[in-house]
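Notes to accompany the following structure.
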Amino acid sequence: MLIVRAALVVSVTNQIIRRALQEHLPFDEGVATRVTRDEIDRLAAEQTAAAVRVRKLRRMTGRSYGQSRHQFDYRQEDAGALKLREAASKGVARELAARRDDDAFVGGVVADARSRAWDDVGQTVVDRLGWAARPADDYDDGRADRLRDLVEGDLAALRDAHPRPGRS
């Protein structure tokens, strides 16, 4: 389930980024929640199909004797591992179905996806701008003087140029 949850977060992250960059749409928690539930449905169906496929393989291995010719040529000795894979796929599908309507689980996926989308997009901006990653090495030199000049000079001049009604 940890792997499945990580896949959900990545999928929803991609949707958030695509909506923002391609469609110029803001983040919408309702849309992200719907996408998360749809993705849970898709993954549950995928796991159910995997269980059915592995069950068929397992049944065929009972009639397969001799040495395997490649990694997907299952034989009788592989039946136990295939049974375990089938059970795991069924278990993941059941767990996904249970979590689909779990608002806390879905909300956690949405929150993590939103955070990851912000990190991904923000990092891209920083990488492209370069200088936004950190200030110049001598940035702190004279900073106090620059702030005093800003307050006493620029901001004071701006205030004086635009007096507020009722103030002298």
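The values are calculated or read from the model by the stated rules, or taken from the named source; none is laboratory data. All values derive from a computational prediction rather than experimental measurement. Positions of Cβ are backbone-derived with ideal geometry, glycine not excepted, and every protein chain shown enters the neighbour counts. When the accessible area is computed, the model is the full protein with side chains, heavy atoms only, and any ligands, DNA or RNA have been set aside. Shrake-Rupley method; radii C 1.70, N 1.55, O 1.52, S 1.80 Å.
Based on the mean of other Cβ atoms within 10 Å per residue, sort peptides 138-149, 7-18, 89-100, 25-36 so the most packed one is first.
Put in order of decreasing packing, that is 7-18, 89-100, 25-36, 138-149.
Taking only Cα atoms, what is the 0 to 90° angle, nearest 10, from helix 2-21's long axis to the longest principal axis of the chain?
The angle comes out at about 50 degrees.
With a 1.4 Å probe and every protein chain left in place, work out the accessible area per residue of the chain in Å², rounded to a whole number.
Per residue, the chain has 73 Å² of solvent-accessible surface.
If you work out Cα Rg over 2.2 N^0.38 Å from the coordinates, which of (i) 1.85; (ii) 1.00; (iii) 1.10 do you get?
(i)
Explain nothing, just the number: relative contact order of the chain, from Cα pairs under 8 Å at least 6 residues apart, as a whole percent.
That works out to 27 percent.
Can you pull the percent of the chain's accessible area that's carbon plus sulfur, 1.4 Å probe, other chains left in place?
Carbon and sulfur: 54 percent of the exposed surface of the chain.
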